Amino acid sequence: MEIDELYQTIILDHSKRPRNFGELPPPATKGEGYNPSCGDEVVVFISQSPQGTIEQVRFTGQACAICTASTSLMTTQVKGKTVAEALGLKRTFIDFLTQDAIPATGLGNLQALAGVKKFPQRLKCATLGWHALEGALKTNVG
């Protein structure tokens, strides 16, 4: 199987069967993302442990396949990470998509979204869930 086919399979799988789809009740925090140019909407819910790691992460919304797959993959990657690690992964992922010659170190299956580099107009689709995650992580509880 070619690497492009593998990546396409990962994206299709996560868009059709998103992982961690659904809401988390309070005291979980949430962050919202909306792309007015296409109508994609994503809400990311986070619950953190007393030690500051992400215990649970879920999302809801109506979005295109790229956005849904990216957000689903994101939830599988940030669970168990600290806020700083999750925000670092967000920066690494966005740099990977927007800059030439950035290695995919530590991205795991997120590398499947490398094809977005060829379609800059889809960048917002691939990063919308990440911006919503950042909003959820920066929301203070209480």
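The values are calculated or read from the model by the stated rules, or taken from the named source; none is laboratory data. Remember, predicted model here, so these are calculated numbers, not experimental data. Heads up, the Cβs are rebuilt from the backbone with ideal geometry, glycines too, and the neighbour counts pull from every protein chain shown.
Some points to look at:
- Selection status of Ala112, over 19 Å from Leu6 (Cα atoms) and of a type in the set (Gly, Ala, Ser): no
- Checked against (1) touching a Leu at 6+ places or on another chain (Cβ under 9 Å); (2) farther than 26 Å from Lys30 by Cβ, Gln99 passes all but a single condition, namely (1).
- Among residues of region 31-40, those that are farther than 12 Å from Gln62 by Cβ and at pLDDT below 95, counted: 2
- Flag for Ser37 being within 21 Å of Gln121 (Cα to Cα), in contact (Cβ under 8 Å) with a residue 12 or more places away in the chain and in a loop (DSSP other than H, G, I, E, B): yes
- Residue count for region 119-142, restricted to those that are within 14 Å of Thr98 (Cβ to Cβ) and either hydroxyl-bearing (Ser, Thr, Tyr) or surrounded by fewer than 21 Cβ atoms within 10 Å (Cβ to Cβ) (or both): 8
- Counted residues, region 15-30 - those being assigned to a loop (DSSP other than H, G, I, E, B) and either crowded, with 16+ Cβ neighbours inside 10 Å or modelled with pLDDT of 95 or more (or both): 8
- Verdict on Thr71 being among the hydroxyl-bearing types (Ser, Thr, Tyr), within 26 Å of Arg17 (Cβ to Cβ) and either part of a loop (DSSP other than H, G, I, E, B) or touching a residue at least 60 places away in the same chain (Cβ under 8 Å) (or both): yes
- Any hit, region 109-118, residues being exposed (fewer than 15 other Cβ atoms within 10 Å of the Cβ) and either modelled with pLDDT of 95 or more or over 20 Å from Ile10 (Cβ atoms) (or both): no
- Only one of Leu137, Leu133 that is in contact with a helix residue (DSSP H, G or I) (Cβ under 9 Å, 6 or more places away or on another chain), aliphatic (A, V, I, L, M) and within 23 Å of Arg17 (Cα to Cα): Leu133
- Hey, Leu12 of a type outside the set (D, E, K, R), out of contact with any Cys (no Cβ under 8 Å at 6 or more places or on another chain) and not in a loop (DSSP other than H, G, I, E, B) or not: yes
- Near pairs, Cβ below 9 angstrom, 6+ apart or cross-chain, from region 83-101 (over 18 Å from Ala136 (Cα atoms) and in contact (Cβ under 8 Å) with a residue 12 or more places away in the chain) to any residue that is of a type in the set (D, E, K, R) and surrounded by fewer than 17 Cβ atoms within 10 Å (Cβ to Cβ): Phe96/Lys117; Leu97/Lys117; Thr98/Lys117
- If you go through region 102-142 and pick out every residue that is touching a residue at least 60 places away in the same chain (Cβ under 8 Å), part of a helix (DSSP H, G or I) and not basic (Lys, Arg), you end up with 18.
- If the condition is being surrounded by 17 or more Cβ atoms within 10 Å (Cβ to Cβ) and more than 13 Å from Arg17 (Cα to Cα), then region 44-62 contributes Val44, Phe45, Ile46, Ser47, Gln48, Ile54, Val57, Arg58, Gly61.
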